[in-house]
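J.: Dropping a structure here in structure tokens format, bear with me for questions.
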Amino acid sequence: MTWTRKQLSILSIVAITSFMGTFLISSINIALPAIEKDFNLDAVTLSWIVTAFLLTMAILLLPVGRWGDLTGIRKMFKVGVVFFTLSSVTCAFAPSGFWLIIFRLIQGAGAALTSTTGPAILVSSFPPSQKGRVLGISVSAVYLGLAFGPFFGGFLTQTLGWRSIFAVSALLGTFVVTITWKYLGKDQISSDEPKKRISLKGTVFYIIGLTTMVYGASIIPETKGWLLILSGIIALILFWQIEKRSPNPVIDTHLFTRNRLFAFSNFAALINYSATFAIVFLLSLYLQKIQSLSPRDAGLILVAQPIMMALFSPIAGRLSDRIQPRYLATLGMAMCTSGLAAFAFLNTTTPLWQIVSLLIWVGLGFAFFSSPNMNTIMSSVDKSKYGIASGSAATMRVVGQIVSMTIATFFFALFFGGEQIEKIDSAIFLKSMQFGFITFALIAVAGIWFSFYRGSIQRE
């Protein structure tokens, strides 16, 4: 089937914004040692430069998905692009580590608006038989951002300083704002449909729960940290109970309790990102501290994983339109699990070719998991719930990323005792990293089970 000019424009806009967000995330990872030195930050505070962005995204993704279904996903997308661009400017001029974290919180809000509504816009603009194909292209753009980020982030950090990364993101955002307003169009919402109001009572507990859990994890093993984590879990349980009883909830809990395909696919995504997201964060520090590579050279090594993801995600997406996605996703999850276990054996003498080989293996596994899994989630609901399905999938991704960073931060706090990474003995750093990868591999084993036993999608 030939795509129309409008369809191609929409696909391009969503793909570019997908690229933009992950480019910023991956490029900042490689710049962390430079930021640490510039602002004199300890290891735990440094991790919040990444976590702050993810936390705001996680808080807003579910409400944004629901708001998009009721008020228009294209309108939400446009607002998100503007918000992201303006916050990139403020990050470039941050005067301290504290303010950079604050501006990253704001930047995460803009990213939440675009990443939730983007997949929903795509699947509503293309026929059901091509969902896997267009979602695969969008996912490929995500991984291209991850691929280019480490290299260009390292190059910019070395030549112009880490602030130039945010300046480039602001320029790219300005371009995206222009083409979005020109080509995306408006939402088609019937004026005859009754206006619904979302109950935000439960969302308050959701925000409190996520925030206290993430902050608590950053200060353990202190007793206060464990108490905050427990408080966060209780708040999330209250959120779920309120949503179950609400006539207009932020999240339809029935999708998780009565739709096995939807629920298991979301759980698989949560586990996958929980196990894999911190790979780049840990290895960027490992390559620069233990292997003594420059930011640019470390970025060249790390590019191996996302390149495989970008190359094979469209292929996996198209395959998932023909065969049951759960088989592809399960294969991909198993590959990620074995790769994570192998990363636990890195040491001071590990050859670079071995690290690149493992990154290629994990990247290929992630490609076979991600596109088919997203295809399953979007195929398990009807059109009226595309926004919440997209928001739920994005929430699982970001919460998984937060869990991954929280695990890494936990081991940093446990082994480093508040010291800067550059002052930590190499043996201690390696020990904390090995504990992290062992934990990630064990988590990923559960993802294999959820991927395989989710069930099969019903083709139209």
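The numbers here are math on the coordinates, done by the rules we state, and not lab data. Keep in mind that what you see is a predicted model, and the values were worked out from it rather than measured. Here the Cβ positions follow ideal geometry from the backbone for every residue, glycine too, while neighbour counts run over all protein chains shown.
J.: Let me know the shape class of the range 239-396, please: from the alpha-carbon gyration tensor, a ≥ b ≥ c as square roots of the eigenvalues, rounded when a/c is under 1.5, otherwise prolate if a/b is greater than b/c, or oblate.
T.: Prolate shape, in that a/c is at least 1.5 and a/b is the bigger ratio.
J.: Got a sec to turn the phi values of the range 310-316 into Karplus ³J(HN,Hα) couplings, 6.51 cos²θ - 1.76 cosθ + 1.60 with θ = phi - 60°, whole Hz, x for Gly and Pro?
T.: Rounded to whole hertz, the list is 5, 6, 9, 4, x, 5, 5.
J.: Let me ask something additional. Going by Cα centres, the range 303-329 and the range 91-109 are how many Å apart?
T.: If you average the Cα positions of each part, the centres end up 34 Å apart.
J.: With respect to the cross-link table entries K6/K75; K6/K385; K75/K385; K201/K385, which display a Cα-Cα separation exceeding 19 Å?
T.: Those over the limit are K6/K385; K201/K385.
J.: I would also like to ask the following. Let's see if you can work this out: charge +1 on each Lys and Arg Cβ, -1 on each Asp and Glu Cβ, no other charges. What is the dipole magnitude of the range 1-125 about its Cα centre, in debye to the nearest 20?
T.: 600 debye
J.: Taking the Cβ of Y453 as the centre, find all other residues whose Cβ is under 15 Å away and add up their charges (Lys, Arg: +1; Asp, Glu: -1).
T.: Residues close to Y453 contribute a combined charge of +3.
J.: Dipole size in debye (nearest 20) for the chain around its Cα centre, Lys and Arg Cβ +1, Asp and Glu Cβ -1?
T.: Here the chain has a charge dipole of around 1360 debye.
J.: Chymotrypsin sites (Phe, Trp or Tyr not before Pro), restricted to the range 314-375: which are DSSP loop and have at most 16 other Cβ atoms within 10 Å?
T.: Here the chymotrypsin sites (Phe, Trp or Tyr not before Pro) that fit, given the DSSP loop and packing criteria, are F345.
J.: Along the positive direction of the dipole of the chain (beta-carbon charges: Lys, Arg +1; Asp, Glu -1; about the Cα centre), which of S426, V81, S129 reaches farthest?
T.: S129
J.: Enter the mean projected area of the convex hull around the alpha-carbon atoms of the chain, in nm², rounded to one decimal.
T.: For the chain, the mean projected area of the Cα convex hull comes to 20.0 nm².
J.: Restrict the search to the range 1-110; then list the chymotrypsin sites (Phe, Trp or Tyr not before Pro) that DSSP places in a loop and that have at most 16 other Cβ atoms within 10 Å of their Cβ.
T.: Here the chymotrypsin sites (Phe, Trp or Tyr not before Pro) that fit, given the DSSP loop and packing criteria, are W3, F93.
J.: Identify, among L160, I407, F368, the residue whose Cα sits farthest towards the positive end of the charge dipole of the chain, taking +1 on the Cβ of Lys and Arg and -1 on the Cβ of Asp and Glu, with the dipole about the Cα centre.
T.: F368
J.: Further question on the same structure: Step through the residues of the range 327-338 one at a time and calculate ³J(HN,Hα) from phi using the Karplus curve (6.51 cos²θ - 1.76 cosθ + 1.60, θ = phi - 60°), rounding each to whole Hz and writing x for Gly and Pro.
T.: 5, 5, 5, 5, 4, x, 5, 5, 5, 4, 4, 5
J.: Per-residue ellipticity at 222 nm for the chain, helices alone: DSSP H runs ≥ 4 residues times -39500 (n - 2.57), over residue total, nearest 500 deg cm²/dmol?
T.: Taken over the chain, the calculation gives -28000 deg cm²/dmol.
J.: Same structure again: Using the Cα atoms of the range 199-249, I'd like the radius of gyration and the largest Cα-Cα distance, Dmax, both in angstrom.
T.: 12.1, 41
J.: To continue, here is another question. Roughly speaking, what % of Cα-Cα pairs in the range 310-460 are separated by over 29 Å, rounded to a whole number?
T.: Here the tail beyond 29 Å accounts for 28 percent of pairs.
J.: Please give me the summed charge of the neighbours of S88: other residues whose Cβ is under 15 Å from its Cβ, Lys and Arg +1, Asp and Glu -1.
T.: +2
J.: Would you mind calculating the gained length between W449 and I315 on full extension (0.36 nm times residue separation, minus the Cα-Cα distance), in nm to one decimal?
T.: 45.9 nm
J.: Using +1 at the Cβ of each Lys and Arg and -1 at the Cβ of each Asp and Glu in the chain, identify which of A342, Y143, W99 lies farthest towards the dipole's positive end.
T.: Comparing the listed Cα positions along the dipole, Y143 ranks first.
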